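Taking it in order: structure first as structure tokens, then the write-up.
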Amino acid sequence: MNKILAVLFILLGMKASSQNDGALAIGDSLYALGNYQKAIKSYQKNKNLNFKIAKTYETIGDYDQALSYYHKTLLLNPNAQIAKYNYGRLLLETTGYAKADSVFRELEKTNPTNPNFPYYLGLVKEAQNDSLAIEDYTRAFTIDSNYVNAAYKLAKDLVKKRQFNKASMLIEKGLSLNAKSIRFLNLKALSFFYTENYHESVTTYQQLIDLRVSNVQLHENLGESFSKTMRFEKAIEQYTVLINKYSDKNPTWHYRLANAYMALRYLDKAKRHLEIALVLKRPSVEAEYNSLALIYGREKDYKSQMEALKKVIRENPKNQQAHYFLATTADNYFKDKKVVLTYYEKYLKQFGTNARFSELVKQRIKDLKVGLHFSED
């Protein structure tokens with residue numbers, strides 16, 4: 001009788017094991033085909049498949065259920081490392097920072113040579129704007145100098161702090177592991193741009209464009225780099241991309257585009273974009289009116305130049321350069337030198353004899369008075 005019972009228990013155990021294996025196999029097959037709800041139902045037939053259920057809920061975006069089943073998995077098996085790792089990642093993604101920090105600390109404690117866990121501790125701190133995140137990234141990189149994610153975080157922090165020489169070593173490390181790494185190429189381009197190495201900045205940003213990267217910062221910095229290296233046609237291309245692709249309501253882009261056109265002496269186009277910038281930038285348009293005045297001066301349209309300079313002065317009455325150019329423009333525009341004299345005298349009266357252009361003004365006043373004296377005689 002005892003032998004019969006023993007055989008019966010063995011057979012029942014084999015049947016249960018077979019059913020459990022079947023639930024797993026069927027669930028995995030359904031999951032692989034994207035039939036996630038049926039996969040969950042199959043997994044639920046086996047209480048040991050909580051981890052599978054958690055992963056499936058995570059896949060379909062039901063994070064509350066996923067977290068619940070990860071938690072159930074760890075209650076049954078506190079040492080389930082993969083489940084704990086996935087639980088920590090999902091806690092981080094769903095802003096459960098305190099729990100995530102605790103999970104990754106436990107993982108680091110039991111796996112001190114795995115750089116991934118201090119790295120994730122850094123991500124938890126960074127998500128909370130905690131500057132101590134950099135210590136975790138440093139620890140991860142110390143464990144494994146080829147851990148590219150930590151290298152990137154450290155390099156990014158150094159670029160942000162303008163410590164470009166230190167950043168360069170990490171950037172080159174990242175690029176040695178992947179020469180087409182967009183994030184490291186971007187840091188490299190930024191380093192060149194911020195150190196005013198505009199030729200190298202152009203080269204690196206062009207690499208990013210070849211990799212089909214396009215964003216506002218890239219086109220802005222590349223446009224300025226082209227302008228700084230006197231390649232104004234190329235600068236125009238970048239500002240045109242910004243205006244056409246991202247926004248035609250940005251006054252800065254119109255202003256920079258106007259300056260590039262002005263450098264190439266396309267004065268009509270320059271004026272058009274300056275006028276757009278003026279409309280968009282109200283109420284502060286001093287720089288735009290100043291550039292417009294320069295264009296009118298080149299066209300020898302002194303009346304319009306004076307009007308533009310007066311608008312500069314209305315925007316900023318303390319702009320010495322505008323006052324001085326107003327006097328010189330009046331000098332070109334008015335035939336009556338007595339009228340011209342009043343402009344120069346007004347400059348001295350407002351800014352004094354030690355002002356920026358005072359020596360030039362005093363000399364011109366002297367010359368005008370001599371000319372007026374002889375003309376009266």
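Couple of notes before you dig in:
- For region 295-334, Kirkwood radius (reciprocal of mean inverse C-alpha pair distance, Å): 9.8
- Look at the Cα gyration tensor of region 98-143: its axes a ≥ b ≥ c give a/c of at least 1.5 with a/b at or below b/c, and that counts as oblate.
- Whether region 233-287 is rounded, prolate or oblate, judged on the alpha carbon gyration tensor where a/c under 1.5 counts as rounded: oblate
- Cβ crowding within 10 Å averaged over residues, with 141-149, 345-353, 268-276, 251-259 ranked highest first: 251-259, 268-276, 141-149, 345-353
- Heavy-atom SASA rank of Ser181, Ser375 (probe 1.4 Å, accessible area, largest first): Ser375, Ser181
- The 3J(HN,Hα) values that the Karplus relation (6.51, -1.76, 1.60; θ = phi - 60°) gives for region 188-202 are, in residue order, 5, 4, 4, 4, 5, 5, 5, 8, 6, 8, 5, 5, 5, 4, 4 Hz. Gly and Pro appear as x.
- Carbon-plus-sulfur accessible fraction, region 204-294 (probe radius 1.4 Å, protein heavy atoms only): 49%.
- Relative to one another, the C-alpha centroids of region 269-338 and region 28-45 are positioned 72 Å apart.
- Counted residue by residue at 0.36 nm each, then reduced by the alpha carbon distance between them, the extension gain from Phe374 to Arg356 reaches 3.5 nm.
- Note on the chain: along the principal axes its Cα atoms extend 147, 39, 34 Å, ordered by decreasing extent.
- The lysines whose alpha-carbon is closer than 24 Å to the alpha-carbon of Lys161, local same-chain residues fewer than 8 away aside, are Lys125, Lys153, Lys173, Lys188, Lys228.
- For region 332-376: rounded, prolate or oblate by the Cα gyration tensor [a/c cutoff 1.5]: prolate
- For region 325-338, 3J(HN,Hα) computed residue by residue from phi via the Karplus equation (6.51, -1.76, 1.60; θ = phi - 60°) reads 5, 5, 5, 5, 5, 4, 4, 7, 8, 8, 7, 7, 6, 5 Hz, glycine and proline entered as x.
- Square roots of five times the Cα gyration tensor eigenvalues for region 116-251, Å: 31, 16, 13
- A quarter of the convex hull surface defined by the alpha-carbon atoms of region 241-377 gives 9.0 nm² as the mean projection.
- With 19 Å as the limit on Cα-Cα distance, the pairs of Lys303/Lys337; Lys311/Lys346; Lys303/Lys349; Lys349/Lys369; Lys338/Lys366; Lys52/Lys72 that go past it are Lys303/Lys349.
- Taking the longest Cα principal axis of the chain as reference, the axis of helix 81-93 is set at about 30 degrees.
- Solvent-accessible area per residue for the chain (1.4 angstrom probe, square angstrom): 57
- 3J(HN,Hα) from dihedral phi, region 147-157, Karplus parametrisation 6.51/-1.76/1.60, rounded to Hz, x for glycine, proline: 6, 5, 5, 5, 4, 5, 4, 5, 5, 4, 5
- Taking the square roots of five times each eigenvalue of the Cα gyration tensor of region 18-146, the equivalent ellipsoid has semi-axes of 32, 15, 12 Å, listed largest first.
The values are calculated or read from the model by the stated rules, or taken from the named source; none is laboratory data. Note that the structure is a prediction, hence the values are computed from the model and not measured. Virtual Cβ from ideal backbone geometry, glycine too; neighbours counted across all protein chains shown. Keep in mind that these areas ignore ligands, DNA and RNA; they rest on the heavy atoms of the full protein, side chains included. Shrake-Rupley method; radii C 1.70, N 1.55, O 1.52, S 1.80 Å.
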